[in-house]
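What follows is a short report on a single structure.
The values are calculated or read from the model by the stated rules, or taken from the named source; none is laboratory data. Being a predicted model, the structure only gives us computed values, none of them experimental. Cβ placement follows ideal geometry from the backbone for every residue including glycine, while neighbour counts extend to all protein chains displayed.
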Ligand SMILES: [Zn+2]
């Protein structure tokens with residue numbers, strides 16, 4: 001029997017999930033009407049917003065390595081999280097008291113959005129067009145707590161003013177304390193909203209709420225608690241209150257017109273190197289990846305009855321796809337079990353008793369294959385088939401199950417672009433790298449738009465030319481091309497790379513979409529191997545850390561590039577989605593929530609002031625404001641991510657290392673809700689993300705230039 005293929009989206013076919021699964025139609029990725037039932041078959045994987053029963057349920061999910069896509073939020077007193085899960089997992093959660101709120105993205109949405117982006121780009125090309133630029137609580141008893149306003153910021157975007165506040169109570173151990181924020185605008189309007197308690201790793205952090213719409217600029221804010229505590233009256237500050245230099249007339253932008261696969265990215269790198277010879281080097285990173293390849297497998301027998309899983313030692317493309325495997329009855333009594341391989345057919349001749357009846361079990365067959373054909377095959381008894389009589393069956397064809405016909409089946413050379421007038425290490429270096437996580441399709445669009453903006457404008461804009469005089473820029477558009485190829489061709493929700501470290505029954509192809517290593521959990525600093533939280537030792541987990549620190553070519557490449565170029569002092573690790581801007585520490589130990597060392601006051605100031613400049617630059621594009629509550633150290637604003645690359649670059653190499661999560665939530669004025677955009681939104685959204693975050697990366701180059709200029713001369 002051939003591997004069961006669950007996701008079979010070819011590169012350019014739009015969608016075939018809708019034909020077999022209940023699907024609310026083309027609007028599935030749009031905000032669900034509350035009345036729309038959320039349907040997911042047991043084996044369908046989707047990105048689902050789920051309202052959890054309680055903190056304990058969230059803690060269990062984190063402990064079991066659940067695929068949490070964003071930071072869980074408190075909403076109306078309940079925790080809401082975006083989870084990548086199957087219908088079966090969702091049913092389990094629902095049975096435990098959770099509620100599905102909306103489906104952010106179904107598996108088929110990515111392929112459809114990819115195909116739509118290509119079609120639209122072709123149509124634009126044909127038409128000769130460019131992509132378009134895109135109520136007051138009264139205090140009662142004597143106060144038993146004290147409130148401190150930690151953050152109060154306001155901003156205006158798209159004509160709507162927002163207010164966000166973060167307040168801490170001294171009654172940290174009382175989970176029932178309610179905090180309400182009251183505000184007043186310059187023209188006298190007033191209002192209030194509740195804050196929600198935020199705990200992480202079992203420890204109280206603060207109370208906060210998502211940004212709240214207010215009618216105009218707020219000038220006063222106070223907080224009161226259900227224990228009687230009252231804060232000082234504060235004046236909310238403007239966020240981020242930083243504006244980049246205006247773009248000169250004729251500034252060139254918008255070099256992205258469709259989603260880009262790793263093959264497209266390779267071609268783009270080649271073109272840029274050819275077109276801007278004087279400003280570009282292409283660096284082949286030293287560790288080739290495994291490539292878009294898998295071993296070939298077949299079930300010998302029926303896995304629902306009795307079967308042995310037979311897997312090739314080599315990859316399917318290395319002559320093993322199409323190899324056949326079968327069991328035969330020798331037709332004579334008292335024969336021993338034998339295994340033979342001839343003409344690409346593995347034949348297991350079953351043992352017989354004196355009456356000529358076959359007597360080999362599944363265990364006998366697996367053991368015989370492993371003993372006599374170990375150089376070519378490994379065999380595993382299927383779960384539930386142990387000790388059963390082995391049927392006469394086959395032939396079954398081994399297959400690697402990979403759908404991408406245009407992806408070369410060989411190790412992949414990951415490439416970096418180096419941009420600058422002086423590419424000799426004499427100038428401060430900036431590194432931007434993206435797609436450590438395969439499914440984050442918008443992220444290479446950001447780094448490639450950034451690279452081409454720098455190059456194209458260096459010819460026409462003196463200010464850009466001057467930046468490339470002063471700064472040495474490194475860009476790795478796709479750190480994890482193998483996983484990305486798998487995401488585009490086989491399984492859109494793929495996060496990890498293609499290396500399967502599982503052993504035994506976990507190699508069953510039913511788990512094929514769960515294999516791989518989380519590249520951004522495979523580094524050495526604050527790793528799960530050192531006891532830090534937020535990565536898993538389970539090879540099937542979405543945050544699997546690998547067999548050891550830097551076990552993967554992908555992570556070794558990032559480290560090698562940074563080590564080989566000691567002039568790199570700034571780095572941006574580009575992810576999606578959610579609208580975060582973060583820096584170290586990115587991990588803590590479970591016991592006592594002890595983080596990696598905090599940056600010094602001076603460095604923290606640099607991280608924050610630079611972040612405000614970059615957030616301001618991002619907002620120039622379409623008014624997207626990364627919230628103050630999502631700007632800060634990873635461990636404070638998102639979660640602990642053991643063994644991530646930003647911590648590696650900062651603590652090991654002294655690089656100011658940030659992370660973007662592009663794809664900010666969009667405000668829906670009709671529902672007055674913030675809505676998450678997902679990993680593979682309709683292309684117009686991804687395009688807008690590429691434009692706004694490329695602007696942020698340009699500002700990072702300015703930050704690096706200013707930092708270098710302020711340093712005392714060497715010697
Ligand atoms: Zn990511």
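Test of understanding: among 244, 248, 240, which residue is assigned to a loop (DSSP other than H, G, I, E, B), at pLDDT below 95 and buried (at least 16 other Cβ atoms within 10 Å of the Cβ)? Break it down into steps so the answer makes sense when it comes.
Numbers: 248 fails: buried (at least 16 other Cβ atoms within 10 Å of the Cβ); 240 fails: at pLDDT below 95.
When all the criteria are applied, what remains is 244.
Of the residues 598, 613, only one is assigned by TED's automatic domain parsing to the domain that holds residue 531, over 28 Å from residue 535 (Cβ atoms), away from the ligand (no atom under 16 Å from the Cβ) and touching a helix residue (DSSP H, G or I) at 6+ places or on another chain (Cβ under 8 Å); which? Lay out the reasoning, then the answer.
Numbers: 598 fails: over 28 Å from residue 535 (Cβ atoms).
Answer to the selection: 613.
Conditions tested, residue by residue: (1) within 16 Å of the ligand (Cβ to nearest atom); (2) in the same structural domain as residue 513 (by TED's automatic domain parsing); (3) crowded, with 23+ Cβ neighbours inside 10 Å; (4) at pLDDT 95 or above.
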site: 442; (1), (2), (3), (4): yes, yes, yes, yes
site: 445; (1), (2), (3), (4): yes, yes, yes, yes
site: 454; (1), (2), (3), (4): no, yes, yes, yes
site: 470; (1), (2), (3), (4): no, yes, no, yes
site: 485; (1), (2), (3), (4): no, yes, yes, yes
site: 489; (1), (2), (3), (4): no, yes, yes, yes
site: 493; (1), (2), (3), (4): yes, yes, yes, yes
site: 497; (1), (2), (3), (4): yes, yes, yes, yes
**Message:** Considering only residues that are over 22 Å from the mean Cα position of the chain (by Cα), at pLDDT 95 or above and either within 16 Å of the ligand (Cβ to nearest atom) or crowded, with 16+ Cβ neighbours inside 10 Å (or both), which ones fall in the range 408-429?
**Reply:** 417, 418, 419, 420, 421, 423, 427, 428, 429
**Request:** Output the number of the condition that residue 219 fails; it satisfies all remaining conditions of (1) modelled with pLDDT of 95 or more; (2) within 27 Å of residue 465 (Cβ to Cβ).
**Result:** (2)
**Request:** Evaluate the range 309-322: report whether one residue or more is buried (at least 22 other Cβ atoms within 10 Å of the Cβ) and out of contact with any strand residue (DSSP E or B) (no Cβ under 6 Å at 6 or more places or on another chain).
**Result:** no
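Output the number of residues of the range 696-714 satisfying the condition of being in a loop (DSSP other than H, G, I, E, B) and within 24 Å of the chain's Cα centre (by Cα).
To start, the set of residues in the range 696-714 that are in a loop (DSSP other than H, G, I, E, B) comprises 711-714.
This time we only want the ones that are within 24 Å of the chain's Cα centre (by Cα), so: none.
Residues meeting the conditions: 0.
Quick one: how many residues across the range 235-244 are within 18 Å of residue 623 (Cβ to Cβ) and touching a strand residue (DSSP E or B) at 6+ places or on another chain (Cβ under 7 Å)?
Keep residues of the range 235-244 that are within 18 Å of residue 623 (Cβ to Cβ), which gives 238-244.
If we keep only those that are touching a strand residue (DSSP E or B) at 6+ places or on another chain (Cβ under 7 Å) as well, we get 238-239.
Result for the range 235-244: 2.
For residue 227, are the conditions met, namely being modelled with pLDDT under 95 and either over 15 Å from residue 183 (Cα atoms) or not in a loop (DSSP other than H, G, I, E, B) (or both)?
On the way: modelled with pLDDT under 95: yes; either over 15 Å from residue 183 (Cα atoms) or not in a loop (DSSP other than H, G, I, E, B) (or both): yes.
Against the criterion (modelled with pLDDT under 95 and either over 15 Å from residue 183 (Cα atoms) or not in a loop (DSSP other than H, G, I, E, B) (or both)), residue 227 qualifies.
Are any of the residues in the range 563-571 in a strand (DSSP E or B) and either within 16 Å of the ligand (Cβ to nearest atom) or surrounded by fewer than 17 Cβ atoms within 10 Å (Cβ to Cβ) (or both)? Walk me through it before giving the result.
Our first condition is that a residue be in a strand (DSSP E or B); within the range 563-571, this holds for 568-571.
Now narrow it down to the ones that are either within 16 Å of the ligand (Cβ to nearest atom) or surrounded by fewer than 17 Cβ atoms within 10 Å (Cβ to Cβ) (or both): 571.
Checking the range 563-571: at least one residue is in a strand (DSSP E or B) and either within 16 Å of the ligand (Cβ to nearest atom) or surrounded by fewer than 17 Cβ atoms within 10 Å (Cβ to Cβ) (or both).
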**Fill in**
The condition from (1) in contact with a strand residue (DSSP E or B) (Cβ under 6 Å, 6 or more places away or on another chain); (2) closer than 25 Å to residue 65 by Cα that residue 708 misses is numbered (2)
**Residue that is farthest from the chain's Cα centre (by Cα), among those in the range 573-584 that are away from the ligand (no atom under 13 Å from the Cβ) and part of a strand (DSSP E or B)** = 583
**Request:** Look through the range 512-541, keep the residues that are surrounded by fewer than 23 Cβ atoms within 10 Å (Cβ to Cβ) and within 16 Å of the ligand (Cβ to nearest atom), and return whichever of them is farthest from residue 648 (Cα to Cα).
**Result:** 541
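Please pick out the residue among 438, 432 that is within 16 Å of the ligand (Cβ to nearest atom), under 23 Å from residue 709 (Cα atoms) and surrounded by 24 or more Cβ atoms within 10 Å (Cβ to Cβ). Full working, then the answer.
Values: 438 fails: under 23 Å from residue 709 (Cα atoms).
Answer to the check: 432.
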**Message:** Can you tell me which of (1) loosely packed, with under 13 Cβ neighbours inside 10 Å; (2) touching a strand residue (DSSP E or B) at 6+ places or on another chain (Cβ under 8 Å); (3) assigned by TED's automatic domain parsing to the domain that holds residue 456 is the one residue 232 doesn't meet?
**Reply:** (3)
**Request:** Tell me, yes or no, whether the range 286-303 has at least one residue that is surrounded by fewer than 18 Cβ atoms within 10 Å (Cβ to Cβ) and over 29 Å from residue 407 (Cα atoms).
**Result:** yes
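Only one residue in 619, 694, 635 is in contact with a helix residue (DSSP H, G or I) (Cβ under 8 Å, 6 or more places away or on another chain) and buried (at least 24 other Cβ atoms within 10 Å of the Cβ). Which one? Talk me through it step by step, then tell me what you get.
Details: 619 fails: buried (at least 24 other Cβ atoms within 10 Å of the Cβ); 635 fails: in contact with a helix residue (DSSP H, G or I) (Cβ under 8 Å, 6 or more places away or on another chain).
When all the criteria are applied, what remains is 694.
Here's the yes/no breakdown for (1) modelled with pLDDT of 95 or more; (2) away from the ligand (no atom under 16 Å from the Cβ):
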residue	(1), (2)
593	no, yes
651	yes, yes
662	yes, no
680	yes, no
684	yes, yes
688	yes, yes
695	yes, yes
**Request:** Could you please let me know if residue 277 is within 30 Å of residue 559 (Cβ to Cβ), in a loop (DSSP other than H, G, I, E, B) and more than 24 Å from the chain's Cα centre (by Cα)?
**Result:** yes
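Quick test for you: out of 550, 606, pick the one residue that is surrounded by fewer than 22 Cβ atoms within 10 Å (Cβ to Cβ), in the same structural domain as residue 518 (by TED's automatic domain parsing) and not in a loop (DSSP other than H, G, I, E, B).
Numbers: 550 fails: not in a loop (DSSP other than H, G, I, E, B).
Result of the check over 550, 606: 606.
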